[in-house]
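In what follows, a structure is listed as structure tokens, so that the remarks can point back to it.
The values are calculated or read from the model by the stated rules, or taken from the named source; none is laboratory data. These numbers come from a predicted model, not from an experiment. FYI the Cβ positions are ideal-geometry reconstructions off the backbone, even for glycines, and counts take in every protein chain you see.
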Amino acid sequence: MPILTFLNTLFSRLGAFPTHVIREMGKIAIFSLKGFGFIFSYPLQISKITKQVYFIGAQSIFVIILTGTFTGMVLGLQGYYTLVKFGSEGLLGVAVALTLIRELGPVLAAIMVIGRAGSAMAAEIGIMRISEQIDALHTMDINPIRFLISPKIAAAIISLPLLTAMFDVVGIYGGYITGSVLLGINPGAYFSRIESNVMMKDITGGFIKAVVFAIVVATICCYKGYYVHLREEGFGARGVSMATTSAVVFSCVLVLMVDYVLTSFLL
């Protein structure tokens, strides 16, 4: 009997984890569909979306430019000393450009947005939950997902592709600074290789990733804050802090996982 009790407890705990994961995935999917659907409901929330575009997009420009520049410079440095071994340093421009456009641009831009704006969104909505502001919206017959979540998702969809494009451009010029200005590669060869080898499908694939990452980031960060009252840590400041941490970590991991899936389809 003790053995049967132990086995029953063991298998119950083993089965509880996948059940919890599937349940959470379902809740996140429903939350995302509701938030995305309410974007197009009338009347359109243009003013709220504009404010969120400013918060998510415009206020992230500096960190995107800074990160993109040094990412391009590092790629230029590492790429040069790798390609020079094979006598192919003239390919540095296209190597930097394709690496940024296909992979690093969308992924790093999304991670920067998570750190700067996603954490703030999770904390803001979490505080609104614990201070009963979301319950007050329910009392006034205002849909909180439409009022709070949909403008953030719409703004992320608008902002992240633009930030990704900015990241790619400054990253390419960062590679130019390292490769041409510091290491002496012909500037004409650097840019002409980019022009002749970067195809439209590469740029399109990068933008598709940026849009998907925007939905993932906005949904996860808002979801973690919206349901902060259901966390095991408790209903209060600790719950908000843990929800914010969870939102950042989970969003970053999910961006990398989704990136692999999208890359396997887009290549």
A careful count of residues in region 138-175 that are in contact (Cβ under 8 Å) with a residue 40 or more places away in the chain and either touching a Pro at 6+ places or on another chain (Cβ under 7 Å) or among the acidic types (D, E) (or both) gives 2
Filter region 164-221 down to residues that are over 28 Å from the mean Cα position of the chain (by Cα), of a type in the set (S, T, Y) and surrounded by fewer than 19 Cβ atoms within 10 Å (Cβ to Cβ), then give me how many there are.
2
What do you reckon, is S47 under 22 Å from P151 (Cα atoms), of a type in the set (S, T, N, Q) and without any contact (Cβ under 8 Å) to a residue 12 or more places away in the chain?
yes
So, in region 44-96, of the ones that are of a type in the set (F, W, Y) and modelled with pLDDT under 90, which residue ends up farthest from the chain's Cα centre (by Cα)?
F86
Among the residues listed as S131, S119, S32, S41, the single one being at pLDDT 90 or above and not charged (D, E, K, R):
S119
Every pair of residues 6+ apart whose Cβ atoms lie under 6 Å, when the first sits in region 67-79 and is without any contact (Cβ under 8 Å) to a residue 40 or more places away in the chain while the second is surrounded by 21 or more Cβ atoms within 10 Å (Cβ to Cβ) and not hydrophobic (A, V, I, L, M, F, W, C):
none
Output the number of the condition that G171 fails; it satisfies all remaining conditions of (1) more than 16 Å from P106 (Cα to Cα); (2) part of a helix (DSSP H, G or I).
(1)
Subset of region 231-252 that is within 14 Å of V113 (Cα to Cα) and without any contact (Cβ under 8 Å) to a residue 60 or more places away in the chain - its residue that is surrounded by the fewest Cβ atoms within 10 Å (Cβ to Cβ)
V249
Taking only region 35-49 into account, find how many residues are surrounded by 14 or more Cβ atoms within 10 Å (Cβ to Cβ) and part of a helix (DSSP H, G or I).
6
